Amino acid sequence: MILAVCGGKGGVGKSTVSLNLARELDAVAVDADLATPDLPRGRGPDLHDVLADRAAPLEAVEAVDGIDLLPCGRTLAGARAADLTELPKALELVDRQFGRVVVDCPAGLARDVGYQIHGADAVVLVTTPDRAALLNAFRTRHLADELDTPVAGVVVNKATSDEDREIAARAEDELGATTTLVPRREPLAESFRAGTPLRDHDPDCDAMAALETLTERIEERERQITEDAEPA
């Protein structure tokens, strides 16, 4: 399964969710934000090299802090040289080898997000409770619908109050997908800054329960997608 983690607005925690989902799902995390990557750096070939035909996708996957990672380069020249039309094929090759791939998408609804969603089996929408982020999540949902990519779940991230729970419930109704509320917790932010999944940084943090619930919901959606794809 190829899972695209997206949402439109920057700063909502897509990369944090991607890193932790990759750990929980035992998947390869692909940092597909070509211009402003946030997942840990690698030591060898990266996605820029893969999309510029300088390296094979599997050659660029490496183990970094407890997860398998296909990192992205940090140079503008590398981003410019990358051919986005090659992204779906690269993701498919990694998925075929490893079984699961979590793709960290860039902010916005530019063409690169379209390539990522089109190349995915499902998407996870990440938003915060504020209006601007929710609006962008709705727009991303519309793009996923246009590309016939199902939504596996919605994450309302950085929640701090009972009002946020009400917002998450409304978002679930309006986005038409199960919503998981992830509380704002400093250990979760600290772990991401260290480039380490929360399970390995502070497994007793109560945000871990939300990540586990999200993982279970995605695995259930994965089973449904697999069953729907089987011939009658």
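The values are calculated or read from the model by the stated rules, or taken from the named source; none is laboratory data. Not measured: the values here are computed from a predicted model. Positions of Cβ are backbone-derived with ideal geometry, glycine not excepted, and every protein chain shown enters the neighbour counts. The protein model used for the area step is the full one, side chains on, heavy atoms only, and it has no ligands, DNA or RNA in it. Shrake-Rupley method; radii C 1.70, N 1.55, O 1.52, S 1.80 Å.
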Could you give the accessible area per residue of the chain, probe 1.4 Å, as a whole number in Å²?
46 Å²
On each of the three principal axes of the Cα atoms of the stretch 169-232, give max minus min coordinate, whole Å, ordered largest first.
47, 28, 18
Solvent-free Debye scattering, log10 I(q)/I(0), computed from the Cα coordinates of the chain at q = 0.16 Å⁻¹:
-1.09
Anisotropy class of the stretch 79-196 from Cα gyration tensor, a/c 1.5 cut:
prolate
If you place +1 on the Cβ of every Lys and Arg, -1 on the Cβ of every Asp and Glu, and leave all else neutral, what size is the dipole of the stretch 16-134 about its Cα centre, to the nearest 20 Debye?
220 debye
Bridge orientation stat for the stretch 1-155 from DSSP, antiparallel percent rounded to 5, came to 15 percent
Quick one: dipole size for the stretch 73-232, taken about the Cα centre, charges +1 on Lys/Arg Cβ and -1 on Asp/Glu Cβ, in debye to the nearest 20.
700 debye
For the chain, give me every cysteine whose Cβ has no other Cys Cβ within less than 4.7 Å, ordered by residue number.
72, 205
With a 1.4 Å probe and every protein chain kept in, tell me what percent of the accessible surface of the stretch 26-112 is carbon plus sulfur.
46 percent
Report, in degrees rounded to the nearest 10, the 0 to 90 angle that the Cα long axis of helix 87-98 makes with the longest principal axis of the chain.
80 degrees
Contact order normalised by residue count of the stretch 61-147, Cα under 8 Å, 6+ apart, percent:
20 percent
In the stretch 128-195 the accessible area split gives carbon plus sulfur, as whole percent at 1.4 Å, a share of 45 percent
